[in-house]
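**Student:** Here it is, the structure, as structure tokens.
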Amino acid sequence: MSNCHDINKVSYKGMKGKKLVLAGNPNVGKSVFFNYLTGIYVDVSNFPGTTVDISAGKYKNYIVMDTPGIYGVSSFNEEETVARDVILGADLILNVVDSVHLDRDLFLTKQLIDMGKPVIVALNMMDELEQNGITIDIGMLEELLGVPVIPTAAAKKTGMEALEKAFFQASQGNRDPKLAAMIKQTAENTCSDAEALMILEDDEIIAERYGMKTAGLRDEIYIERRRSVEDIVNKVLKESNKGASFGVLLGRWMLKPVTGIPMLAVTLYLMYKVIGVFVAGTVVGFTEETIMEGIYRPLVLSLVSPVISESSFIGSLLIGEFGIFTMVPIYILGLLLPLIIGFYMLMAFLEDSGYLPRIAALVDRMLVSLGLNGKAIIPIILGFGCVTMATMTTRILGTKREKIIATILLGLAIPCSAQLGVIMGLISELDAIYVLIYAAAIFSVFVIAGTVLNKVMPGESSQLLIDLPAIRLPMLGNVLRKTFQKTMMFLKEAVPLFIIGAVFISVLQYTNVLIYIQQWMSPVTESLLRLPPETATAFIMGIIRRDFGAAGLTSIAMTQQQVLVSLIVMTLFVPCIAAIMVIFKERGTRDALAIWLGSFVVAFVTGGIIAWLI
Amino acid sequence: MTLDKVKRGNRFRIRRIDNKDLKTQAIRIGIYEGAVFLCSEKLPGGPIILQNRMQEVAVGRGLAEDIEVEGI
């Protein structure tokens with residue numbers, strides 16, 4: 001075939017060598033192996049044409065490539081497509097298997113073996129297996145699979161040397177004879193057995209590459225593979241009646257509503273303490289006030305203003321109130337970065353501990369009625385950190401319908417941490433009844449908007465189907481690595497948006513359009529919301545940075561009712577300019593415009609109703 | 001009966017999965033026609049938790065209605 005070299009296009013930055021690819025289910029400790037093999041010189045880069053990051057490094061004369069955690073090789077989502085392409089290009093596969101979840105993991109193992117690639121299996125988490133009173137006959141497992149199986153406990157560095165020695169023994173394993181015959185026949189028209197298998201399993205992308213039709217045999221092959229896994233597990237696995245370990249019990253308690261809801265409440269409270277109080281207060285106080293406002297701003301002003309006047313157009317673009325060198329870095333580095341790091345770190349911790357999927361299961365019922373499923377709790381939690389970051393995360397949701405609903409709810413009813421800080425300050429001066437009305441109004445809008453969207457939007461949302469991994473103490477190195485990767489990705493995507501936003505606002509301000517909009521809005525704020533005319537300015541500022549807006553309210557003399565109404569409008573009001581840009585980027589112009597205008601309407605109508613009721 | 005009718009603590013075998021997309025997704029995490037599970041937890045109005053040895057999977061209520069099972 002003329003295009004057979006294309007298979008190897010997943011080469012790594014000109015590095016030569018055989019490709020050793022790590023593959024495994026999510027949360028099996030794959031990255032520990034990767035780090036062990038490659039050391040610290042690792043390159044993390046975006047897989048071409050996707051948002052998925054792939055790590056690559058060197059081990060002896062191998063190029064080692066990590067893949068996203070997958071349950072099987074196919075193309076149901078972007079991560080799988082990336083994993084599939086990397087695996088198709090592999091010369092040798094190190095398959096990391098969670099020994100505690102042997103039944104689940106061996107499906108992928110069998111599939112890799114069916115691909116005809118040399119495979120070596122690292123049977124990981126052996127220490128946990130013993131704690132749970134389970135034994136695996138490794139000799140028999142090796143014999144049944146036909147590939148080397150090395151017991152490891154990677155977190156404790158056990159079994160790693162044996163694994164390295166076994167790389168030379170990696171072999172093509174035992175295939176189902178009937179399937180092997182079919183693969184052989186199909187492979188006459190493809191470059192490899194692996195691709196032939198993909199075509200037999202109805203992978204449309206691979207079939208298209210060869211101009212072939214899919215075989216329509218996926219279900220049949222999958223079921224046969226499952227049966228053979230079941231058979232293997234029954235032969236090699238022995239359970240004693242030792243009873244469930246503490247981790248298993250803890251996992252149960254997290255799910256049962258009676259214990260799970262209090263545990264979730266405590267977790268959220270701790271998150272609030274860590275992020276809302278420590279990071280947003282102490283850390284940001286230092287990074288934003290002391291470093292950025294105290295040292296950075298005077299420095300940059302003293303450097304630029306002798307050359308370019310701050311009052312000139314260019315000057316206002318660069319170092320003005322919303323300047324590229326003033327507002328953008330001060331906002332992103334001083335305020336957002338500590339919060340983003342804090343949130344990603346906690347999410348990585350929740351994810352690696354196995355708690356996150358259980359939270360998703362626990363809140364699933366509530367979110368289903370809003371047209372989402374339990375998974376949407378991830379962007380919702382992140383939204384309290386930064387709506388921009390959360391809107392990017394809506395990518396993990398299953399359908400376009402869910403992505404739109406989640407985006408709307410985030411923009412509408414989730415106040416980000418920057419805004420929450422100022423809101424808390426203002427609201428603490430109100431009587432308790434107004435605080436209650438505020439919370440009730442925002443929560444009602446969240447629930448009503450979700451329920452209505454779920455009713456009126458065409459199509460169907462996907463349902464929760466999630467593997468609940470074992471409860472484990474996360475490894476610090478892993479948590480930090482994930483946090484770093486996600487933070488870098490956020491910065492890469494968000495910084496340009498913030499810059500464009502800042503330029504846009506600077507232009508509006510310089511051309512006096514900003515003042516015009518404020519004047520135009522004043523009658524609405526006065527007559528509909530019964531607020532002082534200056535609040536229009538605060539609302540406009542809220543578009544630029546939500547906390548600017550809320551902070552702008554502090555200086556306006558208002559009654560308690562007026563403070564309440566303005567806070568409600570401000571919270572429901574469009575998110576900040578960066579979030580708006582992400583909405584446009586993720587959802588496209590038409591949907592984004594509708595979301596944007598819709599949030600204006602909802603904010604003013606809700607504010608109006610409350611202003612006339614109280 | 002369908003999976004959403006299963007009681008907590010009951011063992012059952014999966015007979016049929018009616019939803020094609022679900023079928024392909026589910027089989028990879030171990031849920032397939034013929035597989036035997038224990039219902040280890042049932043969240044009120046929410047997901048059903050299936051257990052096989054150490055593995056646990058949460059299945060949304062709506063999906064559970066598409067899965068035909070028989071008690072054993």
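The values are calculated or read from the model by the stated rules, or taken from the named source; none is laboratory data. The structure presented is a predicted model; accordingly, all values stated were derived computationally and were not measured. Here the Cβ is made from the backbone with ideal geometry for all residues, glycine too, and neighbour counts use every protein chain on show.
**Student:** Is it the case, given these coordinates, that A:GLU310 is surrounded by 14 or more Cβ atoms within 10 Å (Cβ to Cβ) and in contact (Cβ under 8 Å) with a residue 12 or more places away in the chain? Before you say what the answer is, go through the steps one by one.
**Tutor:** Working: surrounded by 14 or more Cβ atoms within 10 Å (Cβ to Cβ): yes; in contact (Cβ under 8 Å) with a residue 12 or more places away in the chain: no.
Criteria not met by A:GLU310.
**Student:** Step by step: first the residues of the range A:81-122, then only those that are among the hydrophobic types (A, V, I, L, M, F, W, C) and within 14 Å of chain B (Cβ to nearest Cβ), then the one that is nearest to A:GLN172 (Cα to Cα). Which residue is that?
**Tutor:** It comes out as A:LEU112.
**Student:** Might you let me know whether the range A:361-383 holds any residue that is within 21 Å of A:THR571 (Cβ to Cβ), in contact with a helix residue (DSSP H, G or I) (Cβ under 9 Å, 6 or more places away or on another chain) and part of a loop (DSSP other than H, G, I, E, B)? Walk me through how you get there before you give the answer.
**Tutor:** So the first thing to find is which residues in the range A:361-383 are within 21 Å of A:THR571 (Cβ to Cβ), and the list is A:366-367, A:370, A:372, A:376-377, A:379-383.
Checking the rest, the ones that are also in contact with a helix residue (DSSP H, G or I) (Cβ under 9 Å, 6 or more places away or on another chain) come to A:366-367, A:370, A:372, A:376-377, A:379-383.
After this cut, where a residue has to be part of a loop (DSSP other than H, G, I, E, B) as well, the list is A:370, A:372.
Yes, the conditions are met somewhere in the range A:361-383.
**Student:** Counting only residues that are more than 23 Å from B:GLY30 (Cα to Cα) and of a type in the set (A, V, I, L, M, F, W, C), which one in the range A:196-214 is surrounded by the most Cβ atoms within 10 Å (Cβ to Cβ)?
**Tutor:** A:ALA196
**Student:** Determine the pairs where a residue that is within 17 Å of A:PRO68 (Cβ to Cβ), located within the range A:6-25, has a partner that is among the aromatic types (Phe, Trp, Tyr) and modelled with pLDDT of 60 or more with Cβ atoms under 8 Å apart, the partner being 6 or more residues away or on another chain.
**Tutor:** Once the first residue is within 17 Å of A:PRO68 (Cβ to Cβ) and sits in the range A:6-25, its partners that are among the aromatic types (Phe, Trp, Tyr) and modelled with pLDDT of 60 or more give A:LYS19/A:TYR62; A:LEU20/A:TYR59; A:LEU20/A:TYR62; A:LEU20/A:PHE167; A:LEU22/A:PHE33; A:LEU22/A:PHE34; A:ASN25/A:TYR71.
**Student:** Does A:LEU367 count as at negative phi and either surrounded by 23 or more Cβ atoms within 10 Å (Cβ to Cβ) or within 14 Å of chain B (Cβ to nearest Cβ) (or both)?
**Tutor:** Against the criterion (at negative phi and either surrounded by 23 or more Cβ atoms within 10 Å (Cβ to Cβ) or within 14 Å of chain B (Cβ to nearest Cβ) (or both)), A:LEU367 qualifies.
**Student:** Continuing with this model, one more query. What are the residue pairs meeting all of these: first residue in the range A:261-273, first residue over 12 Å from A:LEU362 (Cα atoms), second residue surrounded by 11 or more Cβ atoms within 10 Å (Cβ to Cβ) and aliphatic (A, V, I, L, M), Cβ atoms under 6 Å, and 6 or more apart or on different chains?
**Tutor:** Final answer for the pair search is A:MET271/A:LEU346.
**Student:** If only one of A:ALA439, A:ALA432, A:ALA449, A:ALA406 is assigned by TED's automatic domain parsing to the domain that holds A:ASP591 and in contact (Cβ under 8 Å) with a residue 60 or more places away in the chain, which one is it?
**Tutor:** Only one candidate qualifies: A:ALA449.
**Student:** Right, here's the next one. Among the candidates A:GLY477, A:GLY398, which residue alone is surrounded by fewer than 16 Cβ atoms within 10 Å (Cβ to Cβ) and under 30 Å from B:GLY30 (Cβ atoms)?
**Tutor:** A:GLY477
Results for (1) away from every other protein chain (no Cβ under 14 Å); (2) part of a helix (DSSP H, G or I); (3) of a type outside the set (A, V, I, L, M, F, W, C), shown as yes or no for each residue.
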{"position": "A:VAL258", "(1), (2), (3)": "no, yes, no"}
{"position": "A:PRO262", "(1), (2), (3)": "yes, yes, yes"}
{"position": "A:VAL266", "(1), (2), (3)": "yes, yes, no"}
{"position": "A:TYR269", "(1), (2), (3)": "yes, yes, yes"}
{"position": "A:TYR272", "(1), (2), (3)": "yes, yes, yes"}
{"position": "A:ALA280", "(1), (2), (3)": "yes, yes, no"}
{"position": "A:VAL284", "(1), (2), (3)": "yes, yes, no"}
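**Student:** How about the range A:518-614: which helices (runs of 4 or more DSSP H) wholly inside it have at least 1 residues that are small (Gly, Ala, Ser), in the same structural domain as A:ILE433 (by TED's automatic domain parsing) and surrounded by fewer than 21 Cβ atoms within 10 Å (Cβ to Cβ)?
**Tutor:** A:546-554, A:589-613
**Student:** In the range B:21-51, how many residues are among the β-branched types (Val, Ile, Thr) and facing chain A (nearest Cβ under 7 Å)? Break it down into steps so the answer makes sense when it comes.
**Tutor:** So in the range B:21-51, the residues among the β-branched types (Val, Ile, Thr) come out as B:24, B:27, B:29, B:31, B:36, B:48-49.
Pick out the ones that are also facing chain A (nearest Cβ under 7 Å) and you get B:24, B:27, B:29, B:49.
Residues that pass the stated criteria total 4.
**Student:** Against the condition buried (at least 19 other Cβ atoms within 10 Å of the Cβ) and within 14 Å of chain B (Cβ to nearest Cβ), how does A:ASP193 come out, does it pass?
**Tutor:** no
Conditions (1) touching a residue at least 12 places away in the same chain (Cβ under 8 Å); (2) more than 30 Å from A:LYS58 (Cβ to Cβ); (3) assigned to a helix (DSSP H, G or I); (4) not assigned by TED's automatic domain parsing to the domain that holds A:LEU106, marked per residue:
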{"position": "A:ARG175", "(1), (2), (3), (4)": "yes, yes, no, no"}
{"position": "A:ILE199", "(1), (2), (3), (4)": "yes, yes, yes, no"}
{"position": "A:ASP219", "(1), (2), (3), (4)": "no, yes, yes, no"}
{"position": "A:TYR222", "(1), (2), (3), (4)": "yes, yes, yes, no"}
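**Student:** Show me the strands (runs of 3 or more DSSP E) entirely contained within the range B:5-72 in which 1 or more residues are surrounded by fewer than 19 Cβ atoms within 10 Å (Cβ to Cβ).
**Tutor:** On the way: elements: B:11-17, B:36-42, B:48-52, B:55-59, B:67-71.
Because the criterion is at least 1 residues that are surrounded by fewer than 19 Cβ atoms within 10 Å (Cβ to Cβ), the strands (runs of 3 or more DSSP E) in the range B:5-72 that meet it are B:11-17, B:36-42, B:48-52, B:67-71.
Here's the yes/no breakdown for (1) in a strand (DSSP E or B); (2) surrounded by fewer than 17 Cβ atoms within 10 Å (Cβ to Cβ); (3) assigned by TED's automatic domain parsing to the domain that holds A:GLY398; (4) out of contact with any strand residue (DSSP E or B) (no Cβ under 7 Å at 6 or more places or on another chain):
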{"position": "A:VAL73", "(1), (2), (3), (4)": "no, no, no, yes"}
{"position": "A:ILE93", "(1), (2), (3), (4)": "yes, no, no, no"}
{"position": "A:HIS101", "(1), (2), (3), (4)": "no, no, no, no"}
{"position": "A:ARG104", "(1), (2), (3), (4)": "no, no, no, no"}
{"position": "A:THR109", "(1), (2), (3), (4)": "no, no, no, no"}
{"position": "A:ILE120", "(1), (2), (3), (4)": "yes, no, no, no"}
{"position": "A:GLU128", "(1), (2), (3), (4)": "no, no, no, yes"}
{"position": "A:LEU141", "(1), (2), (3), (4)": "no, no, no, no"}
{"position": "A:PHE167", "(1), (2), (3), (4)": "no, no, no, no"}
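**Student:** Pick from A:ALA494, A:ALA449: which is more than 17 Å from the chain's Cα centre (by Cα) and more than 14 Å from chain B (Cβ to nearest Cβ)? If you could, list the steps in order and put the result at the bottom.
**Tutor:** Working: A:ALA494 fails: more than 17 Å from the chain's Cα centre (by Cα).
Testing whether each residue is more than 17 Å from the chain's Cα centre (by Cα) and more than 14 Å from chain B (Cβ to nearest Cβ) leaves just A:ALA449.
**Student:** Within the range A:267-278, is even one residue in contact with a Phe, Trp or Tyr (Cβ under 7 Å, 6 or more places away or on another chain), more than 21 Å from A:SER506 (Cα to Cα) and either surrounded by 14 or more Cβ atoms within 10 Å (Cβ to Cβ) or not aliphatic (A, V, I, L, M) (or both)?
**Tutor:** Yes - at least one qualifying residue is present in the range A:267-278.
**Student:** Step by step: first the residues of the range A:455-473, then only those that are surrounded by fewer than 18 Cβ atoms within 10 Å (Cβ to Cβ) and not basic (Lys, Arg), then the one that is farthest from the chain's Cα centre (by Cα). Which residue is that?
**Tutor:** My answer is A:VAL456.
**Student:** Now a separate question. Before we move on, is A:SER302 surrounded by fewer than 16 Cβ atoms within 10 Å (Cβ to Cβ), more than 13 Å from every other protein chain (Cβ to nearest Cβ) and either at pLDDT below 90 or not in a strand (DSSP E or B) (or both)?
**Tutor:** So A:SER302 fits the description; yes.
**Student:** Can you spot a residue in the range A:470-477 that is within 25 Å of A:ASP364 (Cβ to Cβ), within 14 Å of chain B (Cβ to nearest Cβ), in contact with a strand residue (DSSP E or B) (Cβ under 8 Å, 6 or more places away or on another chain) and not in a helix (DSSP H, G or I)?
**Tutor:** Initial filter on the range A:470-477 (within 25 Å of A:ASP364 (Cβ to Cβ)): A:470-472, A:474.
Now drop any that are not within 14 Å of chain B (Cβ to nearest Cβ), which leaves A:470-472.
Narrowing further to those that are in contact with a strand residue (DSSP E or B) (Cβ under 8 Å, 6 or more places away or on another chain): A:470.
Next, from what is left, pick out any that are not in a helix (DSSP H, G or I): A:470.
Checked against the condition, which is being within 25 Å of A:ASP364 (Cβ to Cβ), within 14 Å of chain B (Cβ to nearest Cβ), in contact with a strand residue (DSSP E or B) (Cβ under 8 Å, 6 or more places away or on another chain) and not in a helix (DSSP H, G or I), the range A:470-477 yields at least one hit.
**Student:** With respect to the numbered conditions (1) more than 8 Å from chain B (Cβ to nearest Cβ); (2) closer than 20 Å to B:PHE37 by Cβ; (3) basic (Lys, Arg), which one is the sole condition not fulfilled by A:ARG209?
**Tutor:** Checking A:ARG209 against (1) more than 8 Å from chain B (Cβ to nearest Cβ); (2) closer than 20 Å to B:PHE37 by Cβ; (3) basic (Lys, Arg), the one that fails is (2).
**Student:** Which of the residues spanning the range A:62-80 are aromatic (Phe, Trp, Tyr), closer than 19 Å to A:VAL32 by Cα and within 13 Å of chain B (Cβ to nearest Cβ)?
**Tutor:** A:TYR71
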